[in-house]
Amino acid sequence: MNELLIVGGLTVDRFVDGTSAPGGSVLHSGRAAVAEGARPAILTVAGDEPEARDGLAQLREFADVIAQPSPSTTTYGHEEEAGRRVLVLEAVSAPMSATDTMPEPPPVALLGPIAAELPASTIAALETTVRARCTVMLIQGWLRHLVIGEPVRPLALDHVPDELWTAFGSADAIVVSTEDLAEAPEDPFTQAAAVRERIGAGPVLVLTLGAEGYLLDDPSTDRLIASVPRRVIEGVPMVGAGDTFGAALAIHLGRSNDPIRAADAATEAVIRMLEARR
């Protein structure tokens with residue numbers, strides 16, 4: 001039986017050197033699930049571009065896959081600005097639906113869109129059809145200002161529709177990076193408080209801080225936990241680190257229901273993934 005259901009779209013990533021490749025949270029989080037000893041089930045959406053077909057073939061090597069068709073796959077151009085990666089949106093996929101589900105839905109679900117391809121109505125429908133005992137949401141894909149031909153920018157929290165905040169509040173855990181939030185990028189505690197105000201008192205909130213670790217806000221406790229890893233891996237690409245963290249967090253929350261233990265296991269999963277890139 002599959003332990004984890006991952007929901008999100010594939011991407012086509014085009015790079016400055018003229019090459020292209022499949023990408024998206026489902027690829028990175030799927031591989032992370034396998035590394036944690038879980039065979040994932042994946043619900044995704046993709047077009048018929050060669051890169052998308054390649055991405056689906058890669059997914060099917062380690063997961064049970066349902067792929068919803070789309071006229072195009074979400075496509076990002078990767079550029080650089082002052083040494084930092086900049087994504088430029090070139091195309092978007094069709095929205096996903098909850099009409100396709102696994103015969104035996106896994107007990108843990110990870111929702112990780114990459115360009116808002118999961119509307120609030122689909123989140124609600126998935127809750128009904130999947131009935132996961134633990135749902136984790138990687139919300140960065142919903143927090144992006146998306147205009148074809150323009151660089152992707154963080155969306156101000158007040159511009160995120162209320163129905164999405166309501167949907168986020170129904171999750172067991174929310175994961176978001178400090179880099180994906182427009183407000184107070186220099187103060188993660190302020191960022192965490194701003195997100196908490198909008199999602200309510202239900203979900204565990206994990207704010208990842210890159211190499212500096214994470215903040216964990218568990219509503220069942222009276223304090224925030226700040227964790228800084230002793231090992232920092234430098235000089236390797238960080239692509240997929242957040243997706244790896246989210247997949248490992250979801251799996252370990254489903255196994256132990258202990259947020260701190262799950263977040264520590266997720267941190268170790270990211271370190272192992274980065275070490276493998278040396």
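The values are calculated or read from the model by the stated rules, or taken from the named source; none is laboratory data. All values derive from a computational prediction rather than experimental measurement. Note that we place each Cβ from the backbone using ideal geometry, even for glycine, and neighbour counts take in every protein chain shown.
Could you list all residues from region 124-141 that are modelled with pLDDT of 95 or more and assigned to a helix (DSSP H, G or I)?
I139
Would you be able to say whether some residue in region 68-85 is under 30 Å from D264 (Cβ atoms) and either surrounded by 17 or more Cβ atoms within 10 Å (Cβ to Cβ) or among the charged types (D, E, K, R) (or both)?
Checked against the condition, which is being under 30 Å from D264 (Cβ atoms) and either surrounded by 17 or more Cβ atoms within 10 Å (Cβ to Cβ) or among the charged types (D, E, K, R) (or both), region 68-85 yields at least one hit.
Which count do you get for residues in region 102-121 that are modelled with pLDDT under 90 and out of contact with any Leu (no Cβ under 8 Å at 6 or more places or on another chain)?
So the count comes out to 2.
Would you say E117 is closer than 20 Å to L56 by Cα and either outside any strand (DSSP E or B) or under 18 Å from the mean Cα position of the chain (by Cα) (or both)?
yes
For region 164-191, enumerate the residues that are in contact with a Phe, Trp or Tyr (Cβ under 7 Å, 6 or more places away or on another chain) and assigned to a strand (DSSP E or B).
Passing the criteria: I174, V175.
For every residue, the table says whether it meets (1) in contact (Cβ under 8 Å) with a residue 40 or more places away in the chain; (2) over 19 Å from the mean Cα position of the chain (by Cα).
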{"site": "T166", "(1), (2)": "yes, no"}
{"site": "G169", "(1), (2)": "no, no"}
{"site": "V175", "(1), (2)": "yes, no"}
{"site": "E179", "(1), (2)": "no, no"}
{"site": "E186", "(1), (2)": "no, yes"}
{"site": "A192", "(1), (2)": "no, no"}
{"site": "V195", "(1), (2)": "no, no"}
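Which ones in region 15-33 are out of contact with any strand residue (DSSP E or B) (no Cβ under 7 Å at 6 or more places or on another chain) and either surrounded by fewer than 24 Cβ atoms within 10 Å (Cβ to Cβ) or over 8 Å from A247 (Cβ atoms) (or both)?
Keep residues of region 15-33 that are out of contact with any strand residue (DSSP E or B) (no Cβ under 7 Å at 6 or more places or on another chain), which gives 17-19, 27-28, 31-32.
Result: D17, G18, T19, L27, H28, R31.
Which residue, of L205, L249, is modelled with pLDDT of 95 or more and outside any helix (DSSP H, G or I)?
L205
Which members of region 220-246 meet the condition of being outside any loop (DSSP other than H, G, I, E, B), closer than 20 Å to A35 by Cα and among the aliphatic types (A, V, I, L, M)?
Scanning region 220-246 gives a single hit, A241.
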